[in-house]
Amino acid sequence: MGTELLIYLGGLALLDTLSPTILGVTLYLILTANKKLPSRFFFYLFTVLSLYFSLGVLLMAGLHYSLDTFTNILENKIFSWIVFIIGAILFVASFFLPPNRKSQIPLPKSLSIVSVILIGTTTFLIEAGTALPY
């Protein structure tokens with residue numbers, strides 16, 4: 001893996017930090033962390049950026065081994081129809097489920113460095129599957 005590839009992966013990792021979830025958490029940090037905003041913001045973005053960079057390095061290091069296996073599964077017509085039917089059922093069911101009015105978004109009790117790093121890790125785990133540049 002050359003230096004150009006690592007710079008390319010770093011740029012893609014930086015580009016992928018512009019997702020709506022990361023921007024939403026950034027706005028949340030700006031609105032709630034008054035005194036310690038720069039350090040919390042840095043640790044959050046550094047966590048997300050380093051995890052995306054690690055994902056890119058892992059994908060580039062072993063992509064050619066796992067790509068053949070997943071390509072064969074995804075090209076299967078039966079698998080494609082099963083995924084389509086499941087998606088259609090979930091889409092239609094979403095209109096018939098009653099909304100849960102009692103649920104609230106859980107807020108962290110504190111904005112310590114550890115909690116901000118955990119928020120960044122959770123953001124990465126949720127969005128890693130939809131990392132479009134990778």
Q) So which pairs qualify, if the first residue must be in segment 42-64 and among the β-branched types (Val, Ile, Thr), the second must be modelled with pLDDT of 85 or more and surrounded by fewer than 18 Cβ atoms within 10 Å (Cβ to Cβ), the Cβ gap must be under 9 Å, and the two must be at least 6 apart or on different chains? A) THR47/ILE117; THR47/LEU118; THR47/THR121; VAL48/THR121
Q. MET60 fails exactly one of the following numbered conditions: (1) more than 30 Å from LEU6 (Cβ to Cβ); (2) open to solvent by less than 100 Å² (accessible area, probe 1.4 Å). What is the number of that condition?
A. (1)
(Q) I'm trying to understand the selection: among the residues of segment 97-126, which are β-branched (Val, Ile, Thr) and at pLDDT below 75? (A) ILE105
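The values are calculated or read from the model by the stated rules, or taken from the named source; none is laboratory data. The model shown is predicted, which means the values in this text are computed figures rather than measured ones. Don't worry about glycine lacking a Cβ; one is built from the backbone with ideal geometry, like all the others, and counts go over all protein chains shown. Just so you know, the surface numbers come from the protein's heavy atoms only, side chains and all, with ligands and any DNA or RNA stripped out. Shrake-Rupley method; radii C 1.70, N 1.55, O 1.52, S 1.80 Å.
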